[in-house]
Ligand SMILES: [Zn+2]
């Protein structure tokens, strides 16, 4: 995550749901490059620390709030990725400006969740409202990004696509008026993307 430039300094955090239904989350304020597996903190879905020597991320309530609101998700990634965060600070959502947005959303757009103080349940509420059932990523106004997926890995790759899309939209807006894809075009791209990809055994 550090190498990708998605998480300047110690900002951002990652969590995953365990088979038992608890949450493993990155610790607060530790550079990612120094992280060891045993530094992760185990909390329950109410945010109570169950195991770990370090303080959990200050965004625990945002993560646990999302897991409670969305029983189907297994991973959450939060970043202050630069282009996404720039758009969030402009109070903009990302419209269907590129077909790859169909990988992130049924509607091919990235919604914007309203502002609330970091690390609050209120912020989890705004984020899960913005995500609804149609979107797997959203922007947090004046703050950063949220991605949810079946696993933390999946949420991370969605974050990479989100930042790529944010950069394209940001640059396009600087250069002129973006052409917006119709919902039919987005649906076609989404159908194609869902059958794309291969795995090695
Ligand atoms: Zn943050």
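Since every read-out is calculated from the coordinates, none of them should be taken as a lab result. What you are looking at is a predicted structure, and each value in this text was computed from that prediction instead of being measured. FYI the Cβ positions are ideal-geometry reconstructions off the backbone, even for glycines, and counts take in every protein chain you see.
The order of the peptides 10-23, 176-189 by mean Cβ neighbours within 10 Å, most packed first, is 10-23, 176-189. Between helix 121-131 and the chain there is an angle of about 30 degrees, using the helix long axis and the longest principal axis of the Cα atoms.
When each of the peptides 62-68, 45-51 is scored by how many other beta carbons lie within 10 Å of its residues on average, the order from highest to lowest is 62-68, 45-51. Fully extending the segment from residue 122 to residue 193, taken as 0.36 nm per residue of separation minus the present Cα-Cα distance, adds 22.2 nm. The angle between the Cα long axis of helix 152-175 and the longest principal axis of the Cα atoms of the chain comes to about 40 degrees, rounded to the nearest 10.
What is the distance, in nm, between label points placed 7 Å from the Cα along the Cα-to-Cβ direction at residue 133 and at residue 179? Output for this residue pair reads 3.4 nm.
Let's test the formula: R0 of 41 Å, r as the Cβ-Cβ distance of residue 48 and residue 200. What FRET efficiency results, to the nearest 0.05?
0.55
Straightening the chain between residue 171 and residue 3 buys 58.3 nm, computed as 0.36 nm per residue apart minus the Cα-Cα spacing. Hull volume per residue, based on the alpha-carbon atoms of the range 24-84 and their convex hull, is 99 Å³. Building the convex hull from the alpha-carbon atoms of the chain and averaging its projection over directions returns 11.7 nm².
With R₀ set to 25 Å, the beta-carbon distance separating residue 35 from residue 164 gives a calculated FRET efficiency near 0.55. Stretched out straight at 0.36 nm per residue, the stretch from residue 18 to residue 89 would grow longer than its current Cα-Cα span by 22.2 nm.
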